[in-house]
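Undergrad: Sharing a structure here in structure tokens format.
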Amino acid sequence: MVRYGSPGLLGYRYEGVIANNLFRLLPKKDISNSFYFHYLKFIQDRILGISGSSTMPAINFSTLSSLPVVLPPTKAEQNAIAEALNDADALITELEKLIAKKKAIKQGAMQELLKPKDGWEVKTIGEIAIVGRGRVISHKEISKSIEGKYPVYSSQTFNNGIMGYLDSYDFDGEYLTWTTDGVYAGKVYHRNGQFNCTNVCGTIKLKKDYAPFIAYLLDTITPDHVSRNLANPKLMNDPMKRIEIPLPNHEEQIHIAQILSDMDAEIASLEKKLDKYKMLKQGMMQNLLTGKIRLI
């Protein structure tokens, strides 16, 4: 353990019974439990780094106990740091709860708004759209792009499904795309603009219906049509064409989609704020737990 000016040793004591694959770390009386907790979280990557690279990483007691800890000289300062970090954690937790609540509200709204009503007409995707497919696009082709202006959508779902960017595009306009293969098979997106799709990305060009509404509706239906008999789940073009969906009139489609879009925008705004708070907290840890900023 390294103090800001006075050396010391980290002490341990044991109470109760724990499993043999757990360590119980208890700081000395002059060390704040809360500060110690935050510090261990702060050096978590360092702890993982010394746990080995085998298929079953492990860390022994001797190695863990030899890790240096940067410690403020007084418990009062330790408590002040811990309190600041606890406040940041509380803010993040409350925001996470709010986001979860908003997502639950949106899910309930979708169930109600997208439930078939009297006067809705049932049609297949093949009747209301032209169903297509992307092409094979390799990482090598993407790496040769100079400007990389046009997104390449693939089977992934993170980063809005973007695999990379090309200098040219295959599709131009308003489409729906869906993941045809893999763990996310059946995931539907609304696309608008100039873009590319890989061969594991299906395309739907609607004839007249409102694309954002169809995207919301279809995304709730496709999971039931994914073939999961093989190791690699699939929803190919022909099964997609046969999917039946209930359709309100065009004006109602726009109204429903707008409500859900507003909810998505609010959730996205809150998630952006959450990311900002997490970054700020990380900066606080970097400054407060290394002694760069003192709370005395």
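Undergrad: Would you be able to say whether some residue in the stretch 88-102 is modelled with pLDDT of 75 or more, under 29 Å from the mean Cα position of the chain (by Cα), of a type in the set (Lys, Arg) and surrounded by 15 or more Cβ atoms within 10 Å (Cβ to Cβ)?
TA: Yes - at least one qualifying residue is present in the stretch 88-102.
Undergrad: Select, from Asp262, Asp238, the only residue that is assigned to a helix (DSSP H, G or I) and over 22 Å from Thr124 (Cα atoms).
TA: Details: Asp238 fails: over 22 Å from Thr124 (Cα atoms).
Only one candidate passes the filter, namely Asp262.
Undergrad: Could you please find all residues in the stretch 197-221 being open to solvent by 10 Å² or more (accessible area, probe 1.4 Å) and assigned to a strand (DSSP E or B)?
TA: The answer is Lys205, Leu206.
Undergrad: Quick one: what pairs do we get from the stretch 223-235, first residue part of a loop (DSSP other than H, G, I, E, B), second loosely packed, with under 13 Cβ neighbours inside 10 Å, C-beta under 9 Å, 6+ apart or different chains?
TA: Asn232/Val183; Pro233/Val183
Undergrad: It is to be established whether one or more residues within the stretch 244-253 are in contact with a helix residue (DSSP H, G or I) (Cβ under 7 Å, 6 or more places away or on another chain) and open to solvent by 60 Å² or more (accessible area, probe 1.4 Å).
TA: For the stretch 244-253, residues in contact with a helix residue (DSSP H, G or I) (Cβ under 7 Å, 6 or more places away or on another chain) and open to solvent by 60 Å² or more (accessible area, probe 1.4 Å): absent.
Let's see how each residue does on (1) β-branched (Val, Ile, Thr); (2) in a loop (DSSP other than H, G, I, E, B); (3) closer than 29 Å to Ala268 by Cα:
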{"position": "Phe37", "(1), (2), (3)": "no, no, no"}
{"position": "Ile59", "(1), (2), (3)": "yes, yes, no"}
{"position": "Pro68", "(1), (2), (3)": "no, yes, no"}
{"position": "Leu85", "(1), (2), (3)": "no, no, yes"}
{"position": "Lys97", "(1), (2), (3)": "no, no, yes"}
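Undergrad: Moving on to the next point. Check off (1) open to solvent by 20 Å² or more (accessible area, probe 1.4 Å); (2) touching a residue at least 40 places away in the same chain (Cβ under 8 Å); (3) closer than 20 Å to Leu218 by Cβ for Val136 and give me the number that stays unchecked.
TA: (3)
Undergrad: Enumerate the strands (runs of 3 or more DSSP E) found wholly within the stretch 129-196, keeping only those where 2 or more residues are acidic (Asp, Glu).
TA: 171-179
The values are calculated or read from the model by the stated rules, or taken from the named source; none is laboratory data. Just so you know, these numbers come straight off a predicted model, no measurement behind them. All Cβ positions, glycine included, derive from the backbone under ideal geometry; neighbour counts span all protein chains shown. When the accessible area is computed, the model is the full protein with side chains, heavy atoms only, and any ligands, DNA or RNA have been set aside. Shrake-Rupley method; radii C 1.70, N 1.55, O 1.52, S 1.80 Å.
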